[in-house]
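Peer 1: Would you mind keeping the following structure in view while I ask a few things?
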Amino acid sequence: MGIDQSTEMPKRLSDKPIFQRVAKIILYVFLIGVAVLQLLPLVWLFLFSLKNNQEVFNLPPLALPQDPQWGNYVNVWTQGNIGQYFFNSVYITASAVILTVLFASLVTFAITRMQWKLSTLVLGLFMVGLMIPVHSTLIPLFNFFLNINLMDHPLAIILTYTAFNLPITIMILLGFYYTLPREIEEAAIMDGCSVHRLFFQITLPMTAPVVATTAIINMIYNWNEFVFVNTFISSDKFKTLTVGIQNFIGQYQTDWGAIGATLMISIIPILIAFLVLSNRIVEGITAGSVKG
Amino acid sequence: MNKVMSDKKVIALYVLPAFLLLMVLVYIPIILTGYYGLMRWDGIGAMEFIGLDNYQRLLQDSTFWRSAGHSGLLAIFSVLSLVGYLIISMVLAGKIKGADLFRKIYLIPMLLSSVAIAQLWMRIYHPTNGVINRFLESIGIENTPLWLADTNIVLYSIFIPIIWQYAGFYILIYYAALKNVPNELVEAARIDGATPWQIGYKIKLPLIAGVIKVTIVLAVVGSLKYFDLIWVMTQGGPNGASEVIASYMYKQAFNTYNFGYGSAIGFFLLILCLIVTYFIRKLTASKEDVQY
């Protein structure tokens, strides 16, 4: 049996082996059942993205497509603005991630390494920012961007993402900065190193692992964000994938293959990122949540 | 050393970019939300000061209270679902091979955009071609439910994908906390003859009480401000049966241009979230005293 009967407790296993084994099997069936529930909707999505309507309507839902319609993907990519939305998502996400991680690192460095009276207050304001619901800021932000002519402009989205992700990013960075040994930095200052050199050439490279973690978390948040883009962007040419596919799917009410292919295109980048970076994603989500 | 690290100019340079973004895009908007709530305003024309009229209207607006009731119901469901997540996590944190893989699989839906999840589940719930009704028909059930069009069940129908989406997130948090419980305590209890059930209930659970408290806050506040899936799947319909506070606010502001009234709702949401966070933390404060 491929089930855990680790070497640690052979005695107990021999005490009541059958009961233990049955209990273990039940637990595994339970866990696998949950995993199937989590994955099944996505498997079904992938299957119908490769079918034509006839197959969607007539074959059993989880049947394999008889003649996979890869053309569905080509069609939605070439017919609509999916390519444009995709590109918008990439550069808006990337710009906001870079700004957030840089600004958050600068603040965290100033708070943990430099001496100034207001540091506790400033940190407190960032941490309280974690609790503010975005919907309570929508109307004033809408009015603000209208007045400074940034309505329907990608910069409005990039700056908003940066502002709202700073608190969580600083919170994750903070834990790492506190544990980082200060001897190297102190020695550098003794040798006459400037603060800027210290930050950019010594501290920032030393924090690379946690910077990567926060960057990934930010990337996922920004890639999936819906409300801000839906509210502040009206031109098709600036829409991100999340909002773009929402309108795009509207045109295909009845073409299941096209809808499936569009949804698959929007989630594939995240799935690939997850396959490659799952450990860091798990780490980031854990670090970003527990302290609440 | 001290002189270099307390250089006011450097500190300002490092802190101000992030601080200004936080002030301009997060704090000033929440203050303005409260201020706009005192106005009659269509978002374009001049504002007219009407004192607390919007808040009085809020108190008497039965549609608003019905929406608030739905948000409250979501909060109750979410807290109840935490029990299920906790049970799964306790199983996972036992001696389970592949626990790491399981929790990663569970996490996948959490990484997808709300729009993709909503669009996918709209197909799953599709009255004739959706996977659920196809299955129900195949086992001989006629008059299959109209999951998203039936006012009696629509809120529950939307809650299922919410559970699906967040399961992995909470399991991840609980799993990490359970793995942090010192092994010596568990071993000592086992030697004293404690059953696995007793170890879980009497030793591990009290030790992760702090984390459970944080997740209750996250679940309640997250539910009270919930918007995304509801907005994409039903826009609060049919007939207001799935309307929640945030969707009602959004409609008041951006569909019917009652910016003043919308702001009052937004401000109410902000205060509600802050009060609920405060009270849950206060009510559960005693449990925090448990030390490892």
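Peer 1: Which whole-number percentage describes the relative contact order of the range A:10-72, with Cα contacts under 8 Å and a sequence gap of 6 or more? Can you show the working numbers first?
Peer 2: Details: 22 pairs, mean separation 16.5, N = 63.
Worked out over the range A:10-72, it gives 26 percent.
Peer 1: Further question: Using a basic spin-label model with each label point 7 Å from the Cα along Cα→Cβ, how many nm lie between A:L59 and B:E142?
Peer 2: Taking the two extended label points, one gets 3.0 nm.
Peer 1: Can you sort B:S138, B:S247, B:S242 from fewest to most other Cβ atoms within 10 Å of each residue's own Cβ? Mind showing how you got there, number by number?
Peer 2: On the way: B:S138 10, B:S247 24, B:S242 27.
Least to most surrounded, the residues fall as B:S138, B:S247, B:S242.
Peer 1: So what is the calculated 222 nm ellipticity per residue for the protein assembly as shown, using -39500 (n - 2.57) for each DSSP H run with n of 4 or more, over all residues, to the nearest 500 deg cm²/dmol?
Peer 2: After summing the helix terms and dividing by the residues of the protein assembly as shown, the value is -22000 deg cm²/dmol.
Peer 1: Also: Give the long-range amide H neighbours of B:M39: residues separated by 5 or more places, or on another chain, with amide H under 5 Å away, using H modelled in the peptide plane at 1.01 Å from N.
Peer 2: B:I50
Peer 1: Also, quick follow-up: Could you put A:W77, B:W231 in order, starting from the residue whose Cβ has the fewest other Cβ atoms within 10 Å?
Peer 2: The fewest-first ordering by Cβ neighbours comes to A:W77, B:W231.
Peer 1: With Cβ to Cβ distances under 13 Å as the rule, what net charge do the other residues near B:T144 carry (K, R +1; D, E -1)?
Peer 2: -2
Peer 1: Taking neighbour Cβ counts within 10 Å as the exposure measure, how do A:F176, A:F19 sort from fewest upward?
Peer 2: Listing A:F176, A:F19 from fewest to most nearby Cβ atoms yields A:F19, A:F176.
Peer 1: Moving to a separate point now. Given R₀ = 22 Å, FRET efficiency for B:D42-B:Q235 by Cβ-Cβ distance, to 0.05?
Peer 2: That gives a FRET efficiency of 0.55.
Peer 1: Right, something else. Tell me the relative contact order for chain A as a rounded percent, counting alpha carbon contacts under 8 Å between residues six or more apart.
Peer 2: Working: 240 pairs, mean separation 87.2, N = 292.
That works out to 30 percent.
Peer 1: Stick to Cα atoms and the Kirkwood definition of Rh, then tell me Rg/Rh for the protein assembly as shown.
Peer 2: Expressed as Rg/Rh, it is 0.98.
Peer 1: Moving to a separate point now. What is the extension gain from B:R66 to B:A149, computed as 0.36 nm multiplied by their sequence separation minus the C-alpha to C-alpha distance, in nm to one decimal?
Peer 2: Answer, rounded to one decimal: 28.1 nm.
Peer 1: Run the quick spin-label model on B:R57 and A:V36: label points 7 Å from Cα toward the beta carbon, then report their separation in nm to one decimal.
Peer 2: Placing both labels 7 Å beyond Cα along the Cβ direction yields 5.3 nm.
Peer 1: Quick one: dipole size for the protein assembly as shown, taken about the Cα centre, charges +1 on Lys/Arg Cβ and -1 on Asp/Glu Cβ, in debye to the nearest 20.
Peer 2: Values: 36 positive and 30 negative charges, 233 e Å.
Charge dipole of the protein assembly as shown: 1120 debye, to the nearest 20.
Peer 1: Further question: Output the DSSP H helices from chain A with an along-axis C-alpha extent of no less than 18 Å and a mean Kyte-Doolittle hydropathy no less than 0.0.
Peer 2: A:17-49, A:82-113, A:154-179, A:208-224, A:256-290
Peer 1: Okay, next question. Add +1 for every Lys or Arg and -1 for every Asp or Glu among the other residues with Cβ under 13 Å from the Cβ of B:L155, and state the total.
Peer 2: -1
Peer 1: Full extension from A:W70 to A:N147: what is 0.36 nm times the residue separation minus their Cα-Cα distance, to one decimal in nm? Walk me through the numbers before you get to the answer.
Peer 2: Working: separation 77, 0.36 × 77 = 27.72 nm, distance 4.61 nm.
That works out to 23.1 nm of additional length.
Peer 1: For the cross-link pairs B:K97/B:K213; B:K95/B:K213; A:K24/B:K97; B:K104/B:K179; B:K97/B:K179, which exceed 18 Å when the distance is taken from alpha carbon to alpha carbon?
Peer 2: Cα-Cα > 18 Å for B:K97/B:K213; B:K95/B:K213; rest within.
Peer 1: Quote the charge dipole size of the range B:63-289 about the Cα centre in Debye, to the nearest 20; the model charges only the Cβ of Lys and Arg (+1) and of Asp and Glu (-1).
Peer 2: In total the dipole reaches around 360 debye.
Peer 1: Peptide A:33-41: average number of partner chain Cβ atoms within 10 Å per residue?
Peer 2: Taking the mean over all residues of the peptide, I get 6.
Peer 1: Where does each of B:158-170, B:141-153, B:34-46 land if you order them by average Cβ count within 10 Å, highest first?
Peer 2: Numbers: B:158-170: 20.8, B:141-153: 13.7, B:34-46: 16.8.
The densest-packed peptide leads the list: B:158-170, B:34-46, B:141-153.
Peer 1: Past the 17 angstrom mark, what percentage of all C-alpha to C-alpha distances in the range A:10-72 do you count?
Peer 2: I get 59 percent for the Cα pairs in the range A:10-72 exceeding 17 Å.
Peer 1: What's the FRET efficiency of B:L283 with A:A23 using the Cβ-Cβ distance as r and R₀ = 30 Å, to the nearest 0.05? Provide the component values of the computation, followed by the final result.
Peer 2: Working: r = 36 Å, r/R0 = 1.20.
The calculated FRET efficiency here is 0.25.
Any read-out appearing in this document is the output of simple, stated calculations on the displayed coordinates, not a laboratory observation. Worth saying up front: this structure is predicted, and the values here are computed from it rather than measured. Ideal geometry is used to build each Cβ from the backbone, glycine not excepted, and the neighbour counts take in all protein chains shown.
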